[in-house]
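Trainee: Structure provided below as structure tokens; questions to follow.
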Amino acid sequence: MNSMMEGFLKAFSLIYNLDRELLGIILLSLKVSGTALFISSVIGVPAGAVIGLKKFPGRGFIITLLNTFMGLPPVVVGLFVYLLLSRSGPLGFMGLLYTPSAMVAAQTILALPIVASLCHSAIVAVDPIIGQAAITLGATPYQKAITIIKEARYGILSSIIAGFGRVMAEVGAILIVGGNIAGYTRVMTTTIALETDKGNFELALALGVILLIISLVINSALHLIQKKGTVGANK
Amino acid sequence: MKLGLSVSNIWKSYNGNQALKNCSFSFNDDGIYVLTGSNGCGKSTFFRMCALIELPDSGDISYFSNGKMIQKDLELKRRITLLLPKIGVFNTTVFKNIAYGLTIRGIKRAESEEKINKVLEFVHMSHKKNQNALTLSSGETQRLGIARALVIEPEILFLDEPTASIDQKNTEIIEDIILRMKNYHKATVIMTTHDMQQARRLADYLMVMNNGLISAA
């Protein structure tokens, strides 16, 4: 119990003194996950919107596939990206294995189905009367689609935040493709795993506290967005 | 030029149930046309066809101006509007809800603001301008629907059961708004109601729909 308290005290001291190593790890984590989320959103939001708004052959299969991929095990994604980027793999010539770019690729694969699938759900949840109202007021089909997307904006934001939550907490995939190299590919979750193995709990606890704070901020944002999005029902 | 409507012999069925049977109707005069009939007799279906939201199975719906038939394109669709019983409120302020029809027509805010304020005053909702429209009561929501339709100055305004789900006090307010619409701008109002008393209070021309057929009252 004493060593745990000691660990917590040292962890808060590291946070309070803005330890350089700690800051470097946090910034790299945010950079990798932020970039992965940006790419996932740029692809996932329009993809989710098209699937939600358009009827086309194979749509049901794509929705099932996206829902399945939402629960992709990170180590399987890590293995898949590893095989792609390893020297003998099809993309080995790019020399990306054990770089932050490889970590971004793995996290993008993890976040993309979440963003696309939840974005699709947000769009199909919009009351069909909204589209009809837009048409009766003189909207073109394109304007109608934009109106529906705007109505789903809180749900779309929630999908992006959920994607961020997934990649920030992820450890398996980035450990495999990033290699956990100090000062280069070491991020919060991989550091926690490594330092815990070494019995060096101060840094692990400090990062754990910061991860929890980030998670709290994400969930608070989600709660606020959902609250704003449910002002009242359509009459 | 005044917009006229001619509906000839339209038929419509859904999953084998005949909603409209050989319906015909025409007008080219200002005023309030009221189509009455019991619930489920086909009034809403008829309105959706007239407002070009849905196509009939057979028969013809034509709009004409100055004796010439008009093509059923976006330009025509923007000269008419249909207010549905459930209006479809956008999750934003009352002001932005009303601005919608003007925004999609490319009208800038500076130009539209005066029109919106005028229409808000017309439906007695100036004080609700910045309120989120989803927090309005049912009666206010219906008035918002009328304001949203009026601001785009349609030549023909279809009102489908505008007082179906609201209390007596709000019904009186809406009826007063409908009667004042004639002087607001030269729109022809065509509305449905299942309330015969209300139909008599509002109608310049009264029609009855029964089993998918329209006849003059």
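The values are calculated or read from the model by the stated rules, or taken from the named source; none is laboratory data. What you see is a predicted model; the values in this text were computed from it and never measured. Positions of Cβ are generated from backbone atoms using ideal geometry, with glycine treated the same way; all protein chains shown enter the neighbour counts. Heads up: the accessible areas ignore ligands, DNA and RNA and are worked out on the full protein's heavy atoms, side chains in. Shrake-Rupley method; radii C 1.70, N 1.55, O 1.52, S 1.80 Å.
Trainee: Using the structure shown, decide if B:LEU179 is within 11 Å of chain A (Cβ to nearest Cβ) and either buried (at least 22 other Cβ atoms within 10 Å of the Cβ) or farther than 19 Å from A:ALA134 by Cβ (or both).
Mentor: Spelling it out, it is not the case that B:LEU179 is within 11 Å of chain A (Cβ to nearest Cβ) and either buried (at least 22 other Cβ atoms within 10 Å of the Cβ) or farther than 19 Å from A:ALA134 by Cβ (or both).
Trainee: Taking B:ARG148 and the conditions (1) open to solvent by 60 Å² or more (accessible area, probe 1.4 Å); (2) in contact (Cβ under 8 Å) with a residue 40 or more places away in the chain; (3) out of contact with any strand residue (DSSP E or B) (no Cβ under 7 Å at 6 or more places or on another chain), which numbered condition does it fall short on, given that it satisfies the others?
Mentor: (1)
Trainee: Of all residues being assigned to a helix (DSSP H, G or I) and farther than 23 Å from B:THR135 by Cα in segment B:88-114, which is nearest to the other protein chains (Cβ to nearest Cβ)? Just the residue, please.
Mentor: Applying the filter and picking the extreme gives B:SER112.
Trainee: Right, here's the next one. Within segment A:122-160, can you find the residues that are crowded, with 20+ Cβ neighbours inside 10 Å, of a type outside the set (A, V, I, L, M) and in a helix (DSSP H, G or I)?
Mentor: A:THR136, A:THR147, A:GLU151, A:GLY155, A:SER158, A:SER159
Trainee: I need a count of the residues in segment B:116-137 that are part of a helix (DSSP H, G or I), within 14 Å of chain A (Cβ to nearest Cβ) and buried (at least 17 other Cβ atoms within 10 Å of the Cβ).
Mentor: Qualifying residue count, segment B:116-137: 5.
Trainee: Pairs only if they're at least six apart or on different chains, beta carbon under 7 angstrom, first in segment A:144-166 and within 12 Å of chain B (Cβ to nearest Cβ) and under 12 Å from A:LEU118 (Cα atoms), second surrounded by fewer than 21 Cβ atoms within 10 Å (Cβ to Cβ) and of a type in the set (D, E, K, R); list them, first residue then second.
Mentor: That search, which allows pairs on different chains as well, returns A:TYR154/A:LYS228.
Trainee: Now, a different point. Sort through B:GLY59, B:GLY67 and tell me the only one that's among the small types (Gly, Ala, Ser), open to solvent by 60 Å² or more (accessible area, probe 1.4 Å) and over 29 Å from A:ALA152 (Cβ atoms).
Mentor: B:GLY67
Trainee: Inspect all residues belonging to segment A:219-226 and state whether any of them is under 22 Å from A:VAL32 (Cβ atoms) and either open to solvent by less than 50 Å² (accessible area, probe 1.4 Å) or modelled with pLDDT of 90 or more (or both).
Mentor: Yes, that holds for at least one residue.
Trainee: Please report, ordered by residue number, the helices (runs of 4 or more DSSP H) entirely within segment A:169-235 with at least 1 residues that are within 14 Å of another protein chain (Cβ to nearest Cβ) and within 30 Å of B:ASP167 (Cβ to Cβ).
Mentor: Where helices (runs of 4 or more DSSP H) fall fully within segment A:169-235 and carry at least 1 residues being within 14 Å of another protein chain (Cβ to nearest Cβ) and within 30 Å of B:ASP167 (Cβ to Cβ), they are A:201-229.
Trainee: When the residues of segment B:10-68 are filtered to those that are within 14 Å of chain A (Cβ to nearest Cβ) and charged (D, E, K, R), which remaining residue is nearest to B:GLY212 (Cα to Cα)?
Mentor: B:ARG48
Trainee: Also, I was wondering about something else. Kindly provide the set of residues from segment A:117-143 that are within 10 Å of chain B (Cβ to nearest Cβ) and closer than 22 Å to A:ILE63 by Cα, ordered by number.
Mentor: A:VAL126, A:ASP127, A:PRO128, A:GLY131
Trainee: Give the residue, chosen from A:LEU85, A:LEU97, that is more than 14 Å from chain B (Cβ to nearest Cβ), open to solvent by 30 Å² or more (accessible area, probe 1.4 Å) and either touching a residue at least 60 places away in the same chain (Cβ under 8 Å) or touching a Pro at 6+ places or on another chain (Cβ under 7 Å) (or both).
Mentor: From the options A:LEU85, A:LEU97, the qualifying one is A:LEU97.
Trainee: Regarding A:GLY163, is this residue modelled with pLDDT of 90 or more, touching a Ser or Thr at 6+ places or on another chain (Cβ under 6 Å) and surrounded by fewer than 21 Cβ atoms within 10 Å (Cβ to Cβ)?
Mentor: Considered against the rule, which asks whether it is modelled with pLDDT of 90 or more, touching a Ser or Thr at 6+ places or on another chain (Cβ under 6 Å) and surrounded by fewer than 21 Cβ atoms within 10 Å (Cβ to Cβ), A:GLY163 comes out as no.
Trainee: Just to be sure I understand, how many residues within segment B:1-56 are assigned to a strand (DSSP E or B), open to solvent by 50 Å² or more (accessible area, probe 1.4 Å) and touching a helix residue (DSSP H, G or I) at 6+ places or on another chain (Cβ under 7 Å)?
Mentor: Within segment B:1-56, residues that are assigned to a strand (DSSP E or B), open to solvent by 50 Å² or more (accessible area, probe 1.4 Å) and touching a helix residue (DSSP H, G or I) at 6+ places or on another chain (Cβ under 7 Å) number 0.
Trainee: So, one more: Taking A:THR190 as meeting all but one of (1) touching a residue at least 24 places away in the same chain (Cβ under 8 Å); (2) closer than 30 Å to A:GLY78 by Cβ; (3) in contact with a helix residue (DSSP H, G or I) (Cβ under 7 Å, 6 or more places away or on another chain), write down the number of the exception.
Mentor: The number of the failed condition is (1).
Trainee: Just to verify a result, which residue in segment A:63-82, among those that are of a type in the set (Val, Ile, Thr) and open to solvent by less than 60 Å² (accessible area, probe 1.4 Å), is nearest to A:ALA152 (Cα to Cα)?
Mentor: Ranking the candidates gives A:ILE63 first.
This table checks each residue for (1) surrounded by fewer than 13 Cβ atoms within 10 Å (Cβ to Cβ); (2) more than 19 Å from A:ALA122 (Cα to Cα); (3) among the aromatic types (Phe, Trp, Tyr).
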residue: A:MET4; (1), (2), (3): yes, yes, no
residue: A:LEU18; (1), (2), (3): yes, yes, no
residue: A:LEU28; (1), (2), (3): no, yes, no
residue: A:THR35; (1), (2), (3): no, yes, no
residue: A:ILE43; (1), (2), (3): no, no, no
residue: A:ALA47; (1), (2), (3): no, no, no
residue: A:VAL50; (1), (2), (3): no, no, no
residue: A:GLY60; (1), (2), (3): yes, no, no
